[in-house]
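In what follows, a structure is listed as structure tokens, so that the remarks can point back to it.
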Amino acid sequence: MSLEEQHKINLNEIYKQVIMSHFARPRNKGLVNDPDMMVHLDNPTCGDTIDVQLKVKDGLVEAVHWAGRGCSISMASASMMSEAVKGKPVAEAKAMIDRFKAMMRGEPGPFKELGELQSLSGVAKYPVRIKCATLAWNAAAMGLDQAQLDGRS
Ligand code: ZN
């Protein structure tokens, strides 16, 4: 086996571990009673369903909560989204979501700034799963748009 092939396999293994870690121990999961924004989205092709809640104050995403049911990719991706968006200025969070979606559409990278989110890039090869991976991100983007309309940022 060539070094390059070995490297690829190791990388796939690391990526799989990142996704499984978020699936097994989802971050920011569980809804709160007082969100500023709440968006519900379904992905009927897979059966994934998600609620994303945001708290936005002074232009900053103070908190992200989510709940849902679905495949490991949709749930892991929701967990990763919550960590990526939390604590960011709204404009920066929106830019990151756009970058993530560009990666999932298979647009040319590099996407180094996405860090461990790159572990989901392999999903771009499977068109039916792209919706799984982007579901929570689309919900967050809609919530952030709402925050801007409400003049919260
Ligand atoms: Zn799914």
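The values are calculated or read from the model by the stated rules, or taken from the named source; none is laboratory data. Everything quoted here is computed from the prediction, not taken from an experiment. Cβ atoms come from the backbone with ideal geometry, glycine included; neighbour counts cover every protein chain shown. Heads up: the accessible areas ignore ligands, DNA and RNA and are worked out on the full protein's heavy atoms, side chains in. Shrake-Rupley method; radii C 1.70, N 1.55, O 1.52, S 1.80 Å.
Points to keep in mind about this one:
- Residues being farther than 21 Å from SER121 by Cβ and within 16 Å of the ligand (Cβ to nearest atom) are represented in the range 69-90 by at least one member.
- Matching residues in the range 36-53 - criterion: being within 11 Å of the ligand (Cβ to nearest atom) and in a strand (DSSP E or B): ASP42, ASN43, ASP48, THR49, ILE50
- Which listed residue, of GLY59, GLY68, is open to solvent by less than 30 Å² (accessible area, probe 1.4 Å) and at pLDDT below 95: GLY59
- Of the residues SER119, SER79, the single one that is modelled with pLDDT under 95, surrounded by 20 or more Cβ atoms within 10 Å (Cβ to Cβ) and under 12 Å from the mean Cα position of the chain (by Cα) is SER119.
- Test: residue in the range 19-32 that is under 13 Å from ALA136 (Cβ atoms), of a type in the set (Val, Ile, Thr) and modelled with pLDDT under 95: no
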